[in-house]
1. Mind checking which residues of segment 52-91 are in a helix (DSSP H, G or I) and out of contact with any helix residue (DSSP H, G or I) (no Cβ under 8 Å at 6 or more places or on another chain)?
2. Of (1) assigned to a helix (DSSP H, G or I); (2) at pLDDT below 95, residue 1 satisfies all except one. Which?
3. Is at least one residue of segment 68-79 closer than 29 Å to residue 119 by Cα and in contact (Cβ under 8 Å) with a residue 60 or more places away in the chain?
4. Which ones in segment 100-139 are surrounded by 12 or more Cβ atoms within 10 Å (Cβ to Cβ), more than 30 Å from residue 83 (Cα to Cα) and modelled with pLDDT of 65 or more?
5. Within segment 23-40, identify whether any single residue is assigned to a helix (DSSP H, G or I), farther than 30 Å from residue 113 by Cβ and in contact with a helix residue (DSSP H, G or I) (Cβ under 9 Å, 6 or more places away or on another chain), and answer yes or no.
6. Looking only at segment 4-55, how many residues end up being modelled with pLDDT of 95 or more, more than 17 Å from the chain's Cα centre (by Cα) and over 19 Å from residue 105 (Cβ atoms)?
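The values are calculated or read from the model by the stated rules, or taken from the named source; none is laboratory data. Keep in mind the model is a prediction, meaning the values are calculated, not measured. Note that each Cβ is placed from the backbone with ideal geometry, even for glycine, and that neighbours are counted across all protein chains shown.
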């Protein structure tokens, strides 16, 4: 059983989640300051971190599964279950990893929800502004060739040439 390998993977996961939290805060700053030109870039950076987390998750799941078999706790255990079954000092270390990961994920969800709300609020404000600034209608042409319901100003080019 390679407890050290699992612990190293958990440290890396914490680093990536912390980086993701930083990127989410950067995104919030860009939204709040109206610097929308950088939103596509930050979205790409967030996607890169998420891809790294997905790859790490596969490796962590395999390492956790190997330890679970050795501990006799069944397939697909949670980190909490591994922490409860692991010998000292690994039980305390895995429990601390678990607590830290929960805090990071909770913070990320909260910030993500806030950012989503800010973006949706901004889009709604833009939509409301666009609806309130409709251009005047030119009207439709009637049988006389003039527009119905509009003002009729004759425009001449005499003297303009």
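1. Matches in segment 52-91: 54, 55, 58, 61, 62, 65, 66, 69, 70.
2. Answer for residue 1: the failing condition is (1).
3. Within segment 68-79, none of the residues are closer than 29 Å to residue 119 by Cα and in contact (Cβ under 8 Å) with a residue 60 or more places away in the chain.
4. Listed by number, the residues that qualify are 114, 115, 118, 119.
5. Restricting attention to segment 23-40, the residues satisfying the condition of being assigned to a helix (DSSP H, G or I) are 23-33, 36-40.
Narrowing further to those that are farther than 30 Å from residue 113 by Cβ: none.
Among the residues of segment 23-40, not one is assigned to a helix (DSSP H, G or I), farther than 30 Å from residue 113 by Cβ and in contact with a helix residue (DSSP H, G or I) (Cβ under 9 Å, 6 or more places away or on another chain), which makes the answer no.
6. Going through segment 4-55 one residue at a time, the tally reaches 3.
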